[in-house]
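Student: Mind having a look at this structure? Questions to follow.
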Ligand code: TYD
């Protein structure tokens, strides 16, 4: 499994192939073109560098619909007060697009398209991970006080989840 680190733990060699600037996402139509349930490869999931307005009084980063990320934002949620050793995720979404940011602290996200796995370490609030539909994710290694923020392309629907890995795999191979 390949590991991708960002923020303070950049590892040269694997950095370039994972990192995309926001203009790259604007040009990419592949993620927008695919719809609910369609198989989307792990390669569509990317680290995206967001705009950063540097200021001695405090930096500022912003995200706009269909600009820095390839979907319209319908929902924002955040995970916080995560106890040491906790593991989150453990599911895939049928049609939901997500963009996950470590607003504070750090954590690891392992993505799995049923064939390949990639591990990302999120540690900065000016980067995020775009997660396309039909990707199993596990999130762990939360640092103390970390906050995970997720921008999502649709409102919460339990119907959109695969909670069992075998259900995800069955659907993933049926769609391939
Ligand atoms: P879940 O998506 O499984 O969290 P995670 O992937 O971070 O482990 O959601 C946990 C619980 O919260 C589950 O009962 C559904 C509920 N939930 C909502 O009600 N609304 C939401 O927007 C989200 C993301 C979850």
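Student: Take peptides 41-50, 130-139, 73-82 and line them up by average Cβ neighbours within 10 Å, highest first, as a rough protection proxy.
Tutor: By packing density, highest mean first, the sequence is 130-139, 41-50, 73-82.
Student: Could you check the spin-label model distance between residue 158 and residue 73? Points 7 Å from the Cα along Cα→Cβ, value in nm.
Tutor: So the two model labels end up 2.8 nm from each other.
Student: I would also like to ask the following. What's the FRET efficiency of residue 167 with residue 138 using the Cβ-Cβ distance as r and R₀ = 25 Å, to the nearest 0.05?
Tutor: 0.95
Student: How would you classify the range 44-136 from its alpha-carbon gyration tensor, with a ≥ b ≥ c the square roots of the eigenvalues: rounded for a/c under 1.5, else prolate if a/b is greater than b/c, otherwise oblate?
Tutor: oblate
Student: Taking the Cα centre of each part, how many Å lie between the range 158-176 and the range 56-123?
Tutor: What the calculation gives is 20 Å, centre to centre.
Student: Taking the Cα-to-Cβ direction at residue 116 and at residue 53 and moving 7 Å from each Cα, how far apart do the two end points lie in nm?
Tutor: Output for this residue pair reads 3.7 nm.
Just so you know, all these numbers are worked out from the coordinates, no wet-lab data involved. Since this is a predicted model, take the numbers as computed values, not measurements. Every residue, glycine among them, receives a Cβ derived from its backbone with ideal geometry; neighbour counts consider all protein chains shown.
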